[in-house]
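Engineer: Have a look at this one.
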Amino acid sequence: MSTRRTVRAYPFDMHETSVSETYHQLQRDEPMSRVQMPFGEQAWLATKYADVKLVTADPRFSRELAQGLDQPRMRRQQMGDGIMGMDPPDHTRLRRLVMKAFTARRLEAMRESVRTLVHQLIDEMIEKGGPGDLVEDLARPLPVTVICKLLGVPKEDHSIFSEWTQALVGDATAKGDVLDVYGDKLDNYVAQLVAQRREEPTDDLLGALVYARDAGDKLTENELIAIAGAGLLTGGVETVSTALPSFIFTLLTQPELLAQLRAQPEIMPTAVEELLRWVPINTAAMFARYATEDIRIGDVVVRTGDPVLPALHAANRDPEVFANPDVIDLTRSPNPHVAFGHGPHHCIGAQLARLELQEGLKAILERFPELRLADGREGVKWEYGVIVRGPSLLRVAW
């Protein structure tokens, strides 16, 4: 069945925060389509909400099976998938350890410190004088500082981590060279932190993971380094540093939404959820799931061993689930978007990201009542990297 289908080059066209019209067309006419990413084997692309949820949650689709295969991907070199390359029960075991740091009570206790940090960064922006770059001055240092503090990374090394994570998820050339340059550096640095925790135990997240490892919780040294490095540091930084400037751009280019949010600050939680639904954070669908048996999805039979890419931002615009999906409704409820994924691999740090985005947006609107794009829409620079997409330069005046 798949041989008669058109194989499309993927990812599709991108412009600012738009979702390609090709996704809409496929949802209507060919919900399961064939695509070829820049590297790796051909794959199925799931664009409908129900299909995306099936592929990401059904145990018949495996991430572990992908390991060692020529996975569809954006960069030449394959990154180690870490916890994203596991299936239950191993995945469940590791996830349970990390989730201890992301309980609702612990996160809510962090809200005040996140709020203080946001205002400190804004103070520094104002002190420097405008225009300022919202990406460099606020959106990037905010999540870097939060996740580094959570893990116990020394303050003097925060800027190094910012450079590493930006390179690893950006890599706009897609040659994969950054893995040769930065990959080992990140792993080696985390290994040094682990060694320090063994010498001098700490109560931060990394200290807790080291304790769990050494107390016989079946956490291997490689798993520990992968979770702390690529998993938490990279994942914990790039979602927020990409989403926050994208959200501000969206509000500044749709002033009626900005006015609504200023007039009704109490709707901030639902506004953030709607912006998460509407703004595509990832460049493309990624982390293909491999079928462990023949599985019918709509009019397609996915054969054993076939990879399927779940298109999260297409699912978030599915008209069967979201009324007027291409229109932003800041009070939309319910809003069952899948911006943070779905199923066993739902983003571990989703609640932390929500907290940072809520506090970041709230403080920006409070502190900058006359906020505007300093160089107009055309002055915003965009980056479409191997993992995330968003403004790389967003100069604002106030």
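The values are calculated or read from the model by the stated rules, or taken from the named source; none is laboratory data. This one's a predicted model, so the numbers in the text were calculated from it and none came from an experiment. Please note: Cβ atoms are built from the backbone with ideal geometry, for glycine as well, and neighbour counts cover all protein chains shown. With ligands, DNA and RNA removed, areas are computed over all heavy atoms of the protein, side chains included. Shrake-Rupley method; radii C 1.70, N 1.55, O 1.52, S 1.80 Å.
Engineer: Quick one: order ASP326, ASP157 from most to least accessible surface, probe 1.4 Å.
Structural biologist: So, going from the largest accessible area down, we get ASP326, ASP157.
Engineer: Next question, about the same structure. Please give, to one decimal in nm, the separation of the simple spin-label points placed at LEU393 and ARG303, each 7 Å out from Cα toward the Cβ.
Structural biologist: Result: 4.9 nm between the two label points.
Engineer: Could you work out, for region 318-375, what percent of all Cα-Cα pairs fall into each 5 Å distance bin, beginning at 0 Å and stopping at the bin that holds the largest distance?
Structural biologist: 4, 13, 15, 18, 20, 16, 9, 4, 1
Engineer: Going highest first, how would you order 242-248, 16-22 by mean Cβ packing within 10 Å?
Structural biologist: Packing order, densest peptide first, comes out as 242-248, 16-22.
Engineer: ARG296 to ARG111: FRET efficiency via 1/(1 + (r/R0)^6), r the Cβ-Cβ distance, R0 56 Å, to the nearest 0.05?
Structural biologist: Rounded to the nearest 0.05, the efficiency is 0.80.
Engineer: Under 20 Å from a point placed 7 Å out from the Cα of ARG262 along the Cα-to-Cβ direction: which residues of region 118-140 have their backbone N that close?
Structural biologist: Label zone hits: 119, 122-123, 126, 130-134.
Engineer: Per q in 0.09 1/Å, what log10 I(q)/I(0) does a Debye calculation on the alpha-carbon atoms of the chain return?
Structural biologist: -0.53
Engineer: In Å², and per residue, what accessible area does the chain have when probed at 1.4 Å with the other protein chains present?
Structural biologist: In whole numbers, the chain has 43 Å² accessible per residue.
Engineer: Taking all protein chains as present, what is the carbon and sulfur share of the accessible area of the chain, in % to the nearest whole number, probe 1.4 Å?
Structural biologist: Of all accessible area on the chain, carbon and sulfur atoms account for 51 percent.
Engineer: Additional query: As a check on your grasp of the helix formula, calculate [θ] at 222 nm for the chain: sum -39500 (n - 2.57) over DSSP H runs of n ≥ 4, divide by the residue count, round to the nearest 500.
Structural biologist: Counting only the DSSP helices, I get -13500 deg cm²/dmol.
Engineer: In nm, to one decimal, how far is the MET14 label point from the ALA350 one, both placed 7 Å along Cα→Cβ?
Structural biologist: 2.2
Engineer: For region 219-311, state which GluC sites (Glu not before Pro) are in a DSSP loop and have at most 16 other beta carbons lying within 10 Å of their beta carbon.
Structural biologist: Counting only loop positions with at most 16 other Cβ atoms within 10 Å, the GluC sites (Glu not before Pro) in region 219-311 are GLU293.
Engineer: Then there is this: For region 52-150, how big is the tail of P(r) above 22 Å, as a whole percent of Cα pairs?
Structural biologist: Value for region 52-150: 57 percent of Cα pairs lie more than 22 Å apart.
Engineer: Next up: If amide hydrogens are placed 1.01 Å from N in the peptide plane, which non-local residues have theirs closer than 5 Å to the one on GLU383?
Structural biologist: Distant-sequence amide H within range of GLU383: GLY390, SER392.
Engineer: Another one. Considering all projection directions equally, how large on average is the shadow of the alpha-carbon convex hull of region 266-366, in square nanometres?
Structural biologist: Orientation-averaged projected area of the Cα hull: 7.8 nm².
Engineer: Now for a different question. What distance in nm separates the two pseudo spin-label positions at ASP90 and LYS381, each 7 Å out from Cα along the beta-carbon direction?
Structural biologist: Distance between the two pseudo-spin positions: 4.1 nm.
Engineer: For THR331 and ALA57 in one chain, what is 0.36 nm times their gap in residues minus the Cα-Cα distance, to one decimal in nm?
Structural biologist: 95.9 nm
Engineer: Could you sort out which of LYS53/LYS185; LYS53/LYS155; LYS185/LYS381; LYS100/LYS362; LYS100/LYS128; LYS53/LYS381 sit more than 31 Å apart by Cα distance in this structure?
Structural biologist: With Cα atoms farther than 31 Å apart: LYS53/LYS185; LYS53/LYS155; LYS100/LYS128; LYS53/LYS381.
Engineer: Apply the a/c threshold of 1.5 to the C-alpha gyration tensor of region 1-87 and tell me whether it is rounded, prolate or oblate.
Structural biologist: Prolate shape, in that a/c is at least 1.5 and a/b is the bigger ratio.
Engineer: While we're here: Based on the mean of other Cβ atoms within 10 Å per residue, sort peptides 137-145, 202-210 so the most packed one is first.
Structural biologist: 137-145, 202-210
Engineer: Taking 0.36 nm per residue of separation and subtracting the Cα-Cα distance, what length does fully extending THR6 through ASP157 add?
Structural biologist: Working it through step by step, the gained length comes to 49.5 nm.
Engineer: Mind checking region 277-352 for trypsin sites (Lys or Arg not before Pro) that DSSP puts in a loop (not H, G, I, E or B) and that have at most 14 other Cβ atoms within 10 Å?
Structural biologist: Sparse-neighbourhood loop trypsin sites (Lys or Arg not before Pro): ARG303.
Engineer: Would you mind calculating the gained length between ALA323 and ASN188 on full extension (0.36 nm times residue separation, minus the Cα-Cα distance), in nm to one decimal?
Structural biologist: Additional length available on full extension: 43.8 nm.
Engineer: Sort SER62, SER159 from largest to smallest accessible area, using a 1.4 Å probe on the heavy atoms of the protein chains.
Structural biologist: Greatest to least solvent exposure: SER159, SER62.
Engineer: Output the peptides 307-313, 258-264, 94-100 sorted from most to least packed, where packing is the average of other Cβ atoms within 10 Å over each peptide's residues.
Structural biologist: Those peptides, ordered most packed to least, come out 307-313, 94-100, 258-264.
Engineer: Ignoring ligands, DNA and RNA, how do TRP382, TRP44, TRP398 rank by accessible area with a 1.4 Å probe, largest first?
Structural biologist: Output order, biggest surface exposure first: TRP398, TRP382, TRP44.
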